[in-house]
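Structure record follows, encoded as structure tokens.
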Amino acid sequence: MLNFTLETERLHLRPFSQDDLADFHAYAKVPGVGERAGWPHHQTLEESQGVLEAFIHARDVFAVVLKETNQVIGSIGLHQETSTIELKRAKLGYVLAQPFWRQGLMSEAAKTFVDAVFERHLCDVLEVSHFIENKPSRRIIETLGFMHEHDGEYVSKALNQRFPARFYSLDRDTYLKRKQL
């Protein structure tokens, strides 16, 4: 599905490749990184390899690559949901390596990614959520113009936990109209 590349001032967004394993594992194994997104940090290189292969096969997640070093520092992607025929929905997900938090990098990546998703008509509605205590993620979501839908629980099967979460959505037409202003 995501068979193109994107560029921002500081980043490349592109499909993952097998060559990304070391960088991917380096950030995915850090306690607290995956847990903020609802998955346990990786314990082994083999675990990271399995997830990386799933990303490559599904072609729905981009590597977030720092231009300056060519290092993979995160991921951003779409997770397709079952939907009605007339309305295509997807969930936006992203994660960033801890040393790069609070530098505006994920905001930069997310804006460019959401632009591409809607301009290429990859879906009609994007949904996204964050754990209530994850204020940096909330700022990214609200800056992109997502509308708060409701507060509830996010059930992480991978962590066998429930988290208080805030849920948002943004439709393509609204996003593109706002962009024209």
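Where a number appears in this text, it was derived from the coordinates with a stated rule and is not lab data. Treat the numbers as computed from the prediction; the structure is a model and nothing was measured. With ideal geometry, Cβ positions are generated from the backbone for all residues, glycine too; neighbour counts draw on all protein chains shown.
Over the chain, dividing the summed -39,500 (n - 2.57) contributions of all DSSP H runs of at least 4 residues by the number of residues returns a 222 nm mean residue ellipticity of -9000 deg cm²/dmol. Gain on full extension, evaluated as 0.36 nm per residue between SER107 and GLN80 minus their Cα-Cα distance, stands at 7.6 nm.
Kirkwood hydrodynamic radius of the chain from all distinct Cα pairs, in Å? Each step should come with its number before you reach the end.
Details: mean 1/r = 0.0598 Å⁻¹.
Kirkwood hydrodynamic radius for the chain: 16.7 Å.
Could you pull out the longest piece of the chain with no exposed loop trypsin sites (Lys or Arg not before Pro) in it, calling a site exposed if DSSP puts it outside H, G, I, E, B and it has at most 11 other Cβ atoms within 10 Å? Looking at the chain, 1-101 is the longest stretch - no exposed trypsin sites (Lys or Arg not before Pro) with at most 11 other Cβ atoms within 10 Å. In whole Å, how far is the Cα centre of the stretch 3-57 from that of the stretch 136-181? Centre-to-centre distance over Cα atoms comes out at 22 Å. For the stretch 15-82, a Kirkwood radius taken over Cα pairs fed into Stokes-Einstein (37 °C, viscosity 0.692 mPa s) yields D = 267 µm²/s.
Taking other residues whose beta carbon is less than 12 angstrom from the beta carbon of GLU133, and scoring Lys, Arg as +1 and Asp, Glu as -1, yields +3. Here's how it looks for ALA97: its modeled amide H is under 5 Å from those of GLY74, which are all 5 or more places away or on a different chain. Taken along the Cα-to-beta-carbon direction at a fixed 7 Å, the label points for ASP19 and GLU153 span 4.5 nm.
Please compute the contact order of the stretch 6-180 in relative form: average sequence separation of alpha-carbon pairs under 8 Å and at least six residues apart, divided by the residue count, as a percent. Spell out each step's value before the answer.
Numbers: 290 pairs, mean separation 34.7, N = 175.
Taking the mean separation of contacting Cα pairs over the length of the stretch 6-180, I get 20 percent.
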